[in-house]
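The values are calculated or read from the model by the stated rules, or taken from the named source; none is laboratory data. Just so we're clear, the structure is a prediction, and the values are computed from it rather than from any experiment. Using ideal geometry, Cβ is built from the backbone for each residue, glycine included, and neighbour counts are taken over all protein chains shown.
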Amino acid sequence: MLKRLFSSPTPAGGALGINERNLRYVYARNDKNAFPYADDKILCKEALDAAGIACASTYGIIERIGDIPRVWQSLQHYERLAVKPAKGSGGGGIIILKKDSEGRWCSGGRVLSDEQIFSHLAQLLMGMYSFGTSDRVLVEQCIIPHSFFHEIYPAGVPDFRVILLDQKPAMGMLRLPTARSNGKANLHQGGLGIGINMEAGTLAYAYDGQAYHTVHPDSQQQILDKKIPYWEELLELSIQTAEAFPELGYLGVDIVLDQELGPLIMEINVRPGLGIQLANRASLKQPLQTISANY
Amino acid sequence: MLRRNAYGIVAGMLLMIPLLLVLIKQVQQRYSWQDLLPKEAYSVSYEFDMFHLPEQAYVESYLPVSNNRQRIQTVPAEEGQLVLHTTQDETGLRARWESAGQTDVVFKHQFEFEGKALSYRLPKVAPLDEYFPDSVEQYRLSTAAIQSDHPLIRAVADSLKMLGFGHTMNSNYEYVSGLANTGSNALTDALTALKRQRASCNGQSRLFVALCRAQGIPARVAGGIILEQSEKRTSHLWAEAYYRGSWIPFDVLNGHFASLPANYLELYHGDEFLLGRTSDIGFDYQFVINKRHHTLSAASDRIPMLWSLLNHQSVSIDLLRTILLLPVAALLIALLKNVIGLKTFGVFLPALIALSLVGNNVYWTIGAFAIILIVISGLHYSLDRLGLLHTPKLVIMLLAVILTLLLLGHLGYRMEWDNWPSIFMLPLVIMAIAAERFAKVLTEDNFEEAFKMLGSTLLVSLLCYPVFSSELLIGVLLTFPELYLSMIGLLLLLGRWIGLRIVEHFRFSPLTLSN
């Protein structure tokens, strides 16, 4: 009876479930002391920079409210900025600032005064988007999505997610925004999860939470078998990232493709979601077990 | 591999061995569920204050006796006060306390009571008895206060008499309950009650008895005290009708048809007075009643140690409910989360919500809970847009919970909803926390996810509710505390269980198609 309790059943395509993911991978392979790298974007970037891994350039870090005017002054020569709370989650609090033709800062088509920007920065510092804890603000280079994505769907910032075990890629997925997902690329917010053929570096089927598609549901652009640019670099970058965090044996790496700079690491995740299996129409178990067996 | 097996074996043994112990104990002791159910027990004290006493004086009353529905344990009286004589007759156990030369006496007679509810199912159409034992013949006779042979009473009794005992009792009961209640304790005889069409509880009972007797059914009044946490001076009368060897109780005033609640102390049968005394003495009395939960059942000699917690007056059953049942509810939540895959706001929040349902109307409370959560999170959404700091925002939400409660309470009062005050029993802080969690998911995730989680949190709370409302479970855990070890064993197994959660079978069902 005990044996039956401990061996997992095989329905639902033998998918990896949360219980098994947590016990076998998240808890067993990851050192809790390294979790802050996943929770704090600034810590993560510092580690990535130290390891020489390509990521969006850091323009400035604001630690205290008193720092705001000084840091803000130092940012004035940039054309585009991404402002993020270090410990925010779900994209809350992130604003993209662009200069308009007259050199005024705009966000989402609206001109912002310096006071408005300062007030937003102060809110981020006081933990408005970090649930009660005071926070730091990261100002970094604004990504321009690669034209490859524009061919499929010309809005939002798509990203790749690669799950690695022991520094070896196990599964990958591309997350694309849709009209329904409101610019967000998260699967359960209505985004599209697209499976990746890891060997060939091509896209597979796109899953929207209900059905699998071969074309983007909004633009009708072909997705299936589309070749991913920079795929080899992208994979190599994910491996370098995993190597930069040796305490994290099981992690998800989020990568964007910049028009000019190519693949850049955005953040890492110590509890990468299991929806990637739905996007790939395959269980994570086999690739993870193969890696474990050969390690 | 070996280590995992060893872990499984230890956890499995932790689960099974206590269960085995429970089984052995049960086989030895043969507890019935009645034994294990914590019973309401009362400590009752007759307190007499006598003064200006002549050479010889007495007080008379009845003492309760144990029978099939009440258990009495007398607490030994203090020495050197009044001298107690008891005599048993067909009305009950008469007690007479006599003074021995004192002029002022404060006297106490105390006993413990444990009762159970009694209820009969009367055969509707079974014919009335025709022959009765000699001992009950006297209960068919007309008396000064129960004038069953008066033409007026006979006429009404004839009109109420039906085929069958159950139907006849039903029509007598309906007739007497149609009388207006005077609410007083004044003595009323059966005929006066009939003529005036209004009566006190003793008048109603006497009329009921008179109607039965006029129909040829032996009947009598019974006297006692309704036990509740109080100091009172009032006793209570109800009626009993004889049918096939049993005296069936009827309390028209309090709506008990062929049944008697567990908290009725039976003292005497027949139209008697509860108290009698020497005239012309100073006299005051009261019945001091303390309610408590414990068992006094026949199994009292084999009651396990932990029951003494419940027997101790300063540990209430509600306190024990929280302490003993919270881990059980949490275990249930662990199963619902890790095996079924329900997502809830926190682990203990649903348990705390369920705990707050105990003693309240469940659906009304859950409904109010949902309404308040939705109102509050709407508020949270707008406060978020204003860009407020976390803590002040949380306090505003607590205030909003209270204002919403006040509004609902006011509405309930105005519209005369049933038990509207129970809305104020809702746990304020728990609601504010739940609202905050709800709002957090709302902002971090999306609308659908937040409502799904709210729904499953309330569902899990509802599923935990039977755990908290079960007093039998309290008794079982007090008797077999080793069950907690089993729970730890089960949780150790659950903590290493890697199977798919049930909702994941649905979530990942698209994968099956490709295989």
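Checked against the criterion of being touching a Ser or Thr at 6+ places or on another chain (Cβ under 6 Å), more than 14 Å from chain B (Cβ to nearest Cβ), of a type outside the set (Asp, Glu) and closer than 26 Å to residue A:144 by Cβ, the candidates A:239, A:255, A:228, A:265 yield just one match: A:265. Please find, within region B:479-515, the residue that is surrounded by the fewest Cβ atoms within 10 Å (Cβ to Cβ) out of those that are small (Gly, Ala, Ser) and facing chain A (nearest Cβ under 7 Å). Per the stated criteria, the residue is B:514. The residues on offer are A:24, A:29, and the sole one that is under 29 Å from residue A:278 (Cβ atoms), touching a Gly at 6+ places or on another chain (Cβ under 6 Å) and either surrounded by 16 or more Cβ atoms within 10 Å (Cβ to Cβ) or away from chain B (no Cβ under 14 Å) (or both) is A:29. Of all residues in region B:9-35, exactly one satisfies the criterion of being over 17 Å from residue B:487 (Cβ atoms) and within 14 Å of chain A (Cβ to nearest Cβ), namely B:9. Filtered by the rule that a residue be surrounded by 17 or more Cβ atoms within 10 Å (Cβ to Cβ), assigned to a strand (DSSP E or B) and polar (S, T, N, Q), region B:43-93 gives B:43, B:61, B:70. Which condition number in (1) more than 15 Å from residue B:252 (Cβ to Cβ); (2) surrounded by 12 or more Cβ atoms within 10 Å (Cβ to Cβ); (3) touching a residue at least 60 places away in the same chain (Cβ under 8 Å); (4) out of contact with any helix residue (DSSP H, G or I) (no Cβ under 6 Å at 6 or more places or on another chain) is the one that residue B:154 fails? Result: residue B:154 passes all but (4). Assigned to a helix (DSSP H, G or I), away from chain A (no Cβ under 14 Å) and surrounded by 16 or more Cβ atoms within 10 Å (Cβ to Cβ): does that describe residue B:334? No. Across region A:124-163, the qualifying residues are those that are polar (S, T, N, Q) and within 14 Å of another protein chain (Cβ to nearest Cβ), and the one among them that is nearest to residue A:220 (Cα to Cα) is A:130.
Scan region B:407-430 and tell me whether some residue there is β-branched (Val, Ile, Thr) and either surrounded by fewer than 19 Cβ atoms within 10 Å (Cβ to Cβ) or within 14 Å of chain A (Cβ to nearest Cβ) (or both).
Initially, region B:407-430 is screened for residues β-branched (Val, Ile, Thr), giving B:423, B:429-430.
Now drop any that are not either surrounded by fewer than 19 Cβ atoms within 10 Å (Cβ to Cβ) or within 14 Å of chain A (Cβ to nearest Cβ) (or both), which leaves B:429-430.
Yes, the conditions are met somewhere in region B:407-430.
Checked against the criterion of being over 30 Å from residue A:214 (Cβ atoms) and among the small types (Gly, Ala, Ser), region A:68-84 has at least one qualifying residue.
For region A:48-58, does any single residue satisfy the condition of being more than 22 Å from residue A:262 (Cα to Cα) and buried (at least 16 other Cβ atoms within 10 Å of the Cβ)? Within region A:48-58, not a single residue is more than 22 Å from residue A:262 (Cα to Cα) and buried (at least 16 other Cβ atoms within 10 Å of the Cβ). Between A:273, A:252, the distinction of being crowded, with 18+ Cβ neighbours inside 10 Å and at pLDDT below 90 belongs to A:273 only.
Within region B:376-395, residues that are without any contact (Cβ under 8 Å) to a residue 12 or more places away in the chain reach partners that are of a type in the set (S, T, N, Q) with beta carbons closer than 6 Å, at six or more positions or on different chains, in the pairs B:387/A:123. Among the residues of region A:35-76, those that are within 17 Å of residue A:122 (Cβ to Cβ), part of a helix (DSSP H, G or I) and touching a residue at least 12 places away in the same chain (Cβ under 8 Å) comprise A:65, A:68, A:69, A:71, A:72. When each of B:456, B:461 is tested for being more than 14 Å from chain A (Cβ to nearest Cβ), of a type in the set (Gly, Ala, Ser), closer than 30 Å to residue A:280 by Cα and part of a helix (DSSP H, G or I), the lone residue that passes is B:456. Under the condition of being in contact (Cβ under 8 Å) with a residue 40 or more places away in the chain and not in a loop (DSSP other than H, G, I, E, B), the residues counted in region B:106-137 number 15.
Taken over region A:149-167, the criterion of being over 13 Å from the mean Cα position of the chain (by Cα) and of a type in the set (D, E, K, R) is satisfied by A:151, A:166. Scanning region A:77-123 for residues that are under 28 Å from residue A:254 (Cα atoms), within 14 Å of chain B (Cβ to nearest Cβ), out of contact with any Lys or Arg (no Cβ under 9 Å at 6 or more places or on another chain) and not in a loop (DSSP other than H, G, I, E, B) turns up A:117, A:120, A:121, A:122, A:123. Test residue B:392 against the criterion of being more than 20 Å from the chain's Cα centre (by Cα), outside any loop (DSSP other than H, G, I, E, B) and away from chain A (no Cβ under 14 Å), and give yes or no. The answer is no for residue B:392.
For (1) within 16 Å of residue B:368 (Cα to Cα); (2) without any contact (Cβ under 8 Å) to a residue 12 or more places away in the chain; (3) hydrophobic (A, V, I, L, M, F, W, C), each residue gets a yes or a no:
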{"position": "B:423", "(1), (2), (3)": "yes, no, yes"}
{"position": "B:427", "(1), (2), (3)": "yes, no, no"}
{"position": "B:431", "(1), (2), (3)": "yes, no, yes"}
{"position": "B:438", "(1), (2), (3)": "yes, no, yes"}
{"position": "B:442", "(1), (2), (3)": "no, no, yes"}
{"position": "B:454", "(1), (2), (3)": "yes, no, yes"}
{"position": "B:462", "(1), (2), (3)": "yes, no, yes"}
{"position": "B:469", "(1), (2), (3)": "no, no, no"}
{"position": "B:476", "(1), (2), (3)": "no, no, yes"}
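Looking across region A:90-149, just one residue is closer than 22 Å to residue A:258 by Cα, touching a strand residue (DSSP E or B) at 6+ places or on another chain (Cβ under 9 Å) and hydroxyl-bearing (Ser, Thr, Tyr), and that is A:107.
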